[in-house]
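Colleague: One structure, pasted below without further comment.
The values are calculated or read from the model by the stated rules, or taken from the named source; none is laboratory data. Quick caveat: nothing in here was measured; it's all calculated off a predicted structure. With ideal geometry, Cβ positions are generated from the backbone for all residues, glycine too; neighbour counts draw on all protein chains shown.
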Amino acid sequence: MKQTFRQFIVRLTHSFSPLAPATQPPVSVRERDFHVEKNEVVAFSRANGLRVKCASGILWITHDSDLRDVILSAGEQYVSDLASRMVVFALEDAEATVSA
């Protein structure tokens with residue numbers, strides 16, 4: 001079952017939230033497939049180590065306070081080496097996989 005990036009982010013962010021109840025087990029995020037609509041923007045607040053694989057379409061990835069920009073086309077991937085916020089923008093409809 002595919003999820004939107006937004007649904008994944010809510011689950012991923014909640015699993016790392018310092019406000020999450022201590023009794024709640026952490027969410028195990030292995031790998032998720034997504035459909036990203038053209039012009040959709042998704043931000044990951046703790047991006048260090050996240051892997052984004054582009055199966056189709058084109059994704060633009062950038063980090064706060066970093067001059068590098070990454071453009072992914074079908075078959076390409078990117079692994080974040082920064083802890084700063086990572087922004088993923090769909091330049092066209094895309095299928096992607098994100099793993100932590």
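Colleague: For region 29-57, enumerate the residues that are of a type in the set (Asp, Glu) and over 11 Å from the mean Cα position of the chain (by Cα).
Modeller: Of everything in region 29-57, those that are of a type in the set (Asp, Glu) and over 11 Å from the mean Cα position of the chain (by Cα) turn out to be Glu37, Glu40.
Colleague: Another question, then. Restricting region 58-100 to residues that are under 11 Å from the mean Cα position of the chain (by Cα) and assigned to a loop (DSSP other than H, G, I, E, B), which is surrounded by the fewest Cβ atoms within 10 Å (Cβ to Cβ)?
Modeller: Arg85
Colleague: Whether any residue in region 39-49 is crowded, with 16+ Cβ neighbours inside 10 Å, in a strand (DSSP E or B) and at pLDDT below 90 is what I want to check.
Modeller: yes
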